[in-house]
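Here is the structure we will look at, set down as structure tokens.
The values are calculated or read from the model by the stated rules, or taken from the named source; none is laboratory data. Worth saying up front: this structure is predicted, and the values here are computed from it rather than measured. Neighbour counts are summed over all protein chains in view; Cβ atoms, including those assigned to glycine, are modelled from backbone coordinates with ideal geometry. Keep in mind that these areas ignore ligands, DNA and RNA; they rest on the heavy atoms of the full protein, side chains included. Shrake-Rupley method; radii C 1.70, N 1.55, O 1.52, S 1.80 Å.
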Amino acid sequence: MEIIHVSAECYPVAKAGGLGDVVGALPKYQNEHGQQSKVVMPMYRTKFLFSNEWELVHEGQQQMGQHAFNYAVIKEKNNTLGFELYLVDINGLLDREKIYGYDDDTERFLAFQIAVCDWISKWLHKPGVIHCHDYHTGLIPFFIKYAFAFRHLASVPTVFTIHNAQYQGQFGWEKFYLLPPYDTAQWGLLDWDHAINPLACAIKCAWKVTTVSPSYLDELRQSANGIENLMQYERGKSVGILNGIDADVWDPSKDSMIVKNYDDHMVKEGKRKNKKELAGHFGLDPDKPLIAFIGRLVGEKAADILPDAIRNSIYQHHGNANFLVLGSGDAQVENRLDEVKHQFNGYVNTYMGYNESLSHLMYAGADFLLMPSRVEPCGLNQMYALRYGTIPMVRSTGGLKDTVKDFGDWQGYGIRFNNADVNDITYSVGRAIDLYHNKKDLYNWMRTYMMHLDNSWDASAKDYIQLYQSLQ
Ligand code: ADP
């Protein structure tokens, strides 16, 4: 089956978070299962663009409001990523370095979606399924059903995956004129709460809706940034499919971004060397348990409580653990983390910014990975940690609940807590320190055991294929 993934991110072309990891891996695994899975995304000006070979496959012109725009579609020549990759170039809108964060993001992703629909509608054949990811591509299921120019595609099944329902891409009805001409009797499908809401529209119009973990689907029916009722109403066509990890990219025995490669037989030695490198670089003590945090410094990840939680843990546990934070986001959180770092020099360090190779070294060198998330649709970090023998310390929510078992339970291999607050984190840090120093046999067993868990895309790639097949 020909599967067209449409997304704003795809690792290693452009990644801001888990969406990029998923779209960079899932198609490859689907192809290994005999499908023809392809990715279409915007052509940002990133390093990947300049270091690969491309061919032009299509040029077109479309209208957005009063403005006509030209677009081009290029294809990566060598299938370097294990799938066909297409980039859509729209000068003046997509030719930027960053993925998001511009004032005209609404126009940028609208033009992208219009160009994708126009290009696919010009093919001589129809694809088996169009799989859209997150709100940036959420209007596509509507366009191909109700925009007059693309109606030829109306019979193509669409699947929409919610990676994060916090971001919905709403914009006011005063911008309705930017949409391609459509059957206006259907305007209600675009609307949620008196605004055009691409995420809600996708949930209404896609043939199937998936979330990136089963628990997240349950949670969205209770709390979904205003669209809870819609999630309840559309429960019949919704299903939670747990993300996997790209086991080729995230493999401590082959990872070129870490100092010492290791497998489950030499986890102790391998992690020790990587930790030594980290500790040396960040001025930390390699003999103390190292607790890492990697991620966006935003409320969803409970990053705002990190500074107090770290401070409190150091006081309560007499400085018996070290902390290393890699992230960027909320400026206030960054400043407060900076204060803690200066206050507890030698116990805490931070790297503010995005650094892919440092993240790999941290998964390899840290002893524990802290994820106190308030909301975690799936979470990939804990799965990377498991693969690298790093014990996840997670709040019991969303995908974290689906992938981590507390070591107090039968065959548990992680640390779980219930609340995103300073007390629960401090208590969990105490459990981590105790495990590290006083329960060495259990600690070593956990590390080896978790490295054997199969969280790769294999199982989930098959689930998606079955879902597509049910739509044919
Ligand atoms: P989300 O998509 O909500 O940010 P996920 O857990 O699904 O969270 O995915 C996060 C991905 O982004 C992981 O691959 C993680 O390693 C990576 N990541 C997040 N912040 C950084 C950072 N500052 N530097 C490097 N990698 C990061």
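Name the residues in the stretch 426-441 that are surrounded by 14 or more Cβ atoms within 10 Å (Cβ to Cβ) and either in contact with a Pro (Cβ under 9 Å, 6 or more places away or on another chain) or among the hydrophobic types (A, V, I, L, M, F, W, C) (or both), would you?
Answer for the stretch 426-441, where residues must be surrounded by 14 or more Cβ atoms within 10 Å (Cβ to Cβ) and either in contact with a Pro (Cβ under 9 Å, 6 or more places away or on another chain) or among the hydrophobic types (A, V, I, L, M, F, W, C) (or both): Ser428, Val429, Ala432, Ile433, Leu435, Tyr436.
Going through the stretch 164-206 one residue at a time, which ones are within 16 Å of the ligand (Cβ to nearest atom) and surrounded by fewer than 21 Cβ atoms within 10 Å (Cβ to Cβ)?
Gln166, Tyr167 - these are the residues of the stretch 164-206 that are within 16 Å of the ligand (Cβ to nearest atom) and surrounded by fewer than 21 Cβ atoms within 10 Å (Cβ to Cβ).
Which of (1) in a helix (DSSP H, G or I); (2) in contact with a His (Cβ under 6 Å, 6 or more places away or on another chain) is the odd one out, the single condition His131 does not satisfy?
(1)
Could you tell me how many of the residues in the stretch 1-40 are hydrophobic (A, V, I, L, M, F, W, C) and within 16 Å of the ligand (Cβ to nearest atom)? Write out each step before concluding.
At the first step, the residues of the stretch 1-40 found to be hydrophobic (A, V, I, L, M, F, W, C) are 1, 3-4, 6, 8, 10, 13-14, 16, 19, 22-23, 25-26, 39-40.
Pick out the ones that are also within 16 Å of the ligand (Cβ to nearest atom) and you get 8, 10, 13-14, 16, 19, 22-23, 25-26.
Adding up the residues that qualify gives 10.
Need a quick list: helices (runs of 4 or more DSSP H) entirely within the stretch 168-277 having at least 1 residues that are touching a Ser or Thr at 6+ places or on another chain (Cβ under 9 Å). Reasoning before the result, please.
On the way: elements: 187-190, 198-205, 214-220, 228-233.
Here the list reads 198-205, 214-220, 228-233.
Which ones in the stretch 264-303 are free of Cβ contacts under 8 Å to residues at least 60 places away in the same chain and closer than 17 Å to Met352 by Cβ?
Across the stretch 264-303, the qualifying residues are His281, Leu297, Val298, Ala303.
Filter the stretch 411-425 for residues that are open to solvent by 10 Å² or more (accessible area, probe 1.4 Å) and under 17 Å from Leu386 (Cα atoms); which is modelled with the lowest pLDDT?
Residue satisfying both the conditions and the ranking: Gln411.
Within the stretch 290-344, how many residues are among the hydroxyl-bearing types (Ser, Thr, Tyr) and surrounded by fewer than 23 Cβ atoms within 10 Å (Cβ to Cβ)?
Counting residues in the stretch 290-344 that are among the hydroxyl-bearing types (Ser, Thr, Tyr) and surrounded by fewer than 23 Cβ atoms within 10 Å (Cβ to Cβ) gives 2.
Which ones in the stretch 357-416 are among the small types (Gly, Ala, Ser), within 11 Å of the ligand (Cβ to nearest atom) and not in a helix (DSSP H, G or I)? Give the steps one after another, and end with the answer.
We begin by selecting, within the stretch 357-416, every residue among the small types (Gly, Ala, Ser); these are 357, 359, 364-366, 373, 379, 385, 389, 396, 398-399, 408, 412, 414.
Among the residues that remain, those that are also within 11 Å of the ligand (Cβ to nearest atom) are: 357, 359, 373, 379, 385, 398-399.
Those that are among the small types (Gly, Ala, Ser), within 11 Å of the ligand (Cβ to nearest atom) and not in a helix (DSSP H, G or I): Ser373, Gly379.
The rows are residues; the columns are (1) farther than 29 Å from Ile241 by Cα; (2) not in a strand (DSSP E or B).
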| position | (1), (2) |
| --- | --- |
| Val57 | yes, no |
| Leu93 | yes, yes |
| Gly101 | no, yes |
| Gln113 | no, yes |
| Val116 | no, yes |
| Trp119 | yes, yes |
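Here are the criteria: (1) loosely packed, with under 14 Cβ neighbours inside 10 Å; (2) closer than 23 Å to Leu361 by Cα. Tell me which single one Trp445 does not satisfy.
Failing condition for Trp445: (1).
Kindly indicate whether any position in the stretch 233-244 is open to solvent by 60 Å² or more (accessible area, probe 1.4 Å) and among the acidic types (Asp, Glu). Step through it out loud before you land on a result.
Kept after step one, since they are open to solvent by 60 Å² or more (accessible area, probe 1.4 Å), are these residues of the stretch 233-244: 233, 235-236.
Subset that is among the acidic types (Asp, Glu): none.
Among the residues of the stretch 233-244, not one is open to solvent by 60 Å² or more (accessible area, probe 1.4 Å) and among the acidic types (Asp, Glu), which makes the answer no.
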